[in-house]
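The values are calculated or read from the model by the stated rules, or taken from the named source; none is laboratory data. For clarity, every value in this text was computed on a predicted model and none was experimentally measured. Please note: Cβ atoms are built from the backbone with ideal geometry, for glycine as well, and neighbour counts cover all protein chains shown. To get the accessible areas, we keep the full protein, side chains included, count just its heavy atoms, and leave off ligands, DNA and RNA. Shrake-Rupley method; radii C 1.70, N 1.55, O 1.52, S 1.80 Å.
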Amino acid sequence: MENIQYLYPSKRNGVNPQIFALWLGICGITMMFAALTSAYLVRKGAGNWLEFHLPSPFYFSTGAIILSSITLYFSSIWLKEAKFGLYKLGLILTFVLGIVFIYLQISGWKIMYSHGLDIKVNPSASFLYAIPGLHILHVIGGLICLIVAIIHAFFLPNKVSEKRLFRLKLTSQYWHFVGLLWVYLLIFFYIEQP
């Protein structure tokens, strides 16, 4: 199985259109979050800014998203090695950890709200609802891809194919990106705390 070429290069220029589209989307998402964190800094510098510490669920959610990347990485390896039981287990664990990530993010928002930090109180709180909220939407997109991967894992024959490896590669690249994006956002928010 080591010799499988699952990148499907196009005949014209050697670039796979699906990989190109994925990375184009990743570049667009990166630019959007770079703009949002820049807006955060600009607005903070304008004054009328409420300083507070991130609730602990945001840190725990980071552990969940990192673990989910690890389980998806091993799921890909197990598919290549035709260990179908472990491959399926890795996909399910990745999906569950993605749900845990979202749950912990919402728990962080609830703690903020219980301390009087709702979205209307101060622009600083608004950013901490909006930026992670947009990130959660991208995580949900990844969860939808994982649902498709899980359906394929359980309903297609237990066979390693170029197409299956390629689909999982695309899903993995997006999921790892979403995880790295959250790590960047957490570090950004941590540095900007009082």
request  = Treat every Asp and Glu Cβ in the chain as -1 and every Lys and Arg Cβ as +1, leave all other atoms uncharged, and give the resulting dipole magnitude about the Cα centre to the nearest 20 debye.
outcome  = 620
inquiry  = Below 9 angstrom from the Cβ of residue 123, what's the summed charge of the other residues (Lys, Arg +1; Asp, Glu -1)?
reply    = +2
request  = Could you tell me the number of lysine pairs in the chain with C-alpha atoms less than 22 Å from each other, where the two lysines are 8 or more residues apart or belong to different chains?
outcome  = 15
request  = Just name one of 117, 39, 78: the one whose Cα is farthest towards the positive end of the charge dipole of the chain (beta-carbon charges, Lys/Arg +1, Asp/Glu -1).
outcome  = 78
inquiry  = Contact order normalised by length for the chain, with contacts defined as Cα pairs under 8 Å and 6 or more residues apart; what percent is it?
reply    = 33
task = Just reorder 114, 61, 107 by solvent-accessible area, largest first, 1.4 Å probe, all chains present.
result = 114, 107, 61
remark   = Calc'd 3J(HN,Hα), region 118-130, phi into Karplus 6.51 cos²θ - 1.76 cosθ + 1.60 (θ = phi - 60°), Hz, glycine/Pro = x, comes to 8, 5, 9, 5, 7, x, 4, 5, 4, 5, 6, 8, 6
message = Given a 10 angstrom Cα cut-off, can you work out which residue in 98, 133, 14 is the most mobile in a GNM of the chain?
response = 14
ask   = Counting alpha carbon pairs within less than 8 Å and at least 6 residues apart, what relative contact order, in whole percent, applies to region 22-121?
value = 30
query = When all protein chains stay in place, what accessible area (Å², nearest 10, 1.4 Å probe) is found for residue 71?
reply = 30
message = Suppose a student asked you for the relative contact order of region 72-150, using Cα pairs under 8 Å spaced at least 6 residues apart; what percent would you report?
response = 30
message = Using the crude model of +1 on Lys and Arg Cβ and -1 on Asp and Glu Cβ, and no other charge, please compute the dipole size for region 114-190 relative to its Cα centre, in debye to 20.
response = 380
inquiry  = 7 Å from Cα along Cα→Cβ at both residue 144 and residue 183: what's the point-to-point distance in nm?
reply    = 2.6
query = Along region 39-54, what does the Karplus equation 6.51 cos²θ - 1.76 cosθ + 1.60 (θ = phi - 60°) give for ³J(HN,Hα), rounded to whole Hz, x for Gly and Pro?
reply = 4, 4, 5, 5, 5, 4, x, 7, x, 6, 10, 8, 8, 7, 8, 5
message = Nearest 500 deg cm²/dmol is fine: what mean residue ellipticity at 222 nm does the chain get from its DSSP H runs of n ≥ 4 alone, each adding -39,500 (n - 2.57), divided by its residue count?
response = -27500 deg cm²/dmol
query = Of 80, 169, 159, which has the most accessible area and how do the rest follow, probe 1.4 Å?
reply = 159, 80, 169
